[in-house]
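J.: This structure is in structure tokens; I'll ask about it shortly.
Just so it is clear, none of the values below were taken in a lab; they were calculated from the coordinates. Predicted model only: the values in this text are computed from it and were never measured. Positions of Cβ are backbone-derived with ideal geometry, glycine not excepted, and every protein chain shown enters the neighbour counts.
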Amino acid sequence: MIQKILHRVAATAACCLVHANGLGWVQRTAVHVSYCKTQLGASEVTDPSQPEVWLRGPIADCPDELQPVAHSLLQVREEIAAIAALPPEVLWARPGGAASIGFHLRHLAGSLDRLLTYARGDSLSAAQREALSEEGRNASPEERAETLVQAAHDAIDRALAYVRTTPLCTLDEVRPVGRAGLPSTVLGLLFHAAEHAQRHSAQIITTVKIVTGSDAELR
């Protein structure tokens, strides 16, 4: 146990030294973006007999400090895979005026992209701001459930890659958020990205059940 702690301290110190010297981010050798695909098989739909992702053990090549982030993102990835075949009338339904499933999928992908941008210490681009303004627009014919789920999956995969390659010594670094530059940290942004994604995944599951009248579990 002591040896493991010393190894982690040494690795973190080396990471900080490289980062401080402006030599770039220390990359872990295995950026495992395709974890879900290899674990879930071709369908990528969660086997209901499986426990939730956080109960399946640690994620390979992910630092201990960020395991909850990876678990949450992988859980969302599995849950939304189950709705890729929804018909348009379900995808864009707004029961009681609530947001549609299509909106939640758009926002899930877009918000992950924006939160990772802030985590890197960057400001949003004009294209990102335009995409944000377009998230609440009406449905368009080319936006099928399959297309929106794939976009969300791609955003989650990028987030997982970022989590795996985030130097531990940067987790407490301050990051300004939004036009007002409100204070957060790399760690705060990554954890918010995960819990925010799960919040919208839960709303998707609930909306599917309300619109379809189904009691089937999506996870």
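J.: Amide H to amide H under 5 Å from residue 177: which residues, 5+ apart in sequence or cross-chain, H placed 1.01 Å off N in plane?
T.: Answer set, sorted by chain and number: 182, 184.
J.: Using Cβ counts within 10 Å as a stand-in for footprinting exposure, how do 54, 92 rank, fewest first?
T.: 54, 92
J.: Please state the Cα pair-distance histogram of segment 30-212 with 5 angstrom bins from zero: what percent is in each bin?
T.: Percent of pairs per bin, in order: 1, 8, 17, 20, 20, 16, 11, 6, 2, 0.
J.: What ³J(HN,Hα) values, in whole Hz, does the Karplus curve 6.51 cos²θ - 1.76 cosθ + 1.60 give for segment 142-155 when θ = phi - 60°, with x put for Gly and Pro?
T.: So the Karplus estimates, Gly and Pro as x, are 7, 8, 8, 4, 4, 5, 5, 5, 5, 5, 5, 4, 4, 5 Hz.
J.: Apply the Karplus curve 6.51 cos²θ - 1.76 cosθ + 1.60, θ = phi - 60°, to the phi angles in segment 194-209 and return the couplings in whole Hz, x for Gly and Pro.
T.: Values, residue by residue: 5, 5, 5, 4, 5, 4, 6, 4, 5, 5, 4, 4, 5, 5, 4, 5 Hz.
J.: What percent do you get for the relative contact order of segment 30-212 when only Cα pairs under 8 Å and 6+ apart count? Display every interim value, and only then the final one.
T.: On the way: 213 pairs, mean separation 58.0, N = 183.
RCO, segment 30-212: 32 percent.
J.: Of the options 124, 186, 138, report the single residue whose Cα projects farthest towards the positive end of the charge dipole of segment 30-212 (beta-carbon charges: Lys, Arg +1; Asp, Glu -1).
T.: Checking the options against the dipole of segment 30-212, the answer is 138.
J.: May I ask you to derive the FRET efficiency for residue 60 and residue 158 from their Cβ-Cβ distance with R0 = 25 Å, giving the value to the nearest 0.05? Walk me through the numbers on the way to the answer.
T.: Numbers: r = 18 Å, r/R0 = 0.70.
E(calc), rounded to 0.05, equals 0.90.
J.: Name the residue from 93, 198, 163 whose Cα lies farthest towards the positive end of the charge dipole of segment 30-212, charges +1 on Cβ of Lys and Arg and -1 on Cβ of Asp and Glu.
T.: Comparing the listed Cα positions along the dipole, 93 ranks first.
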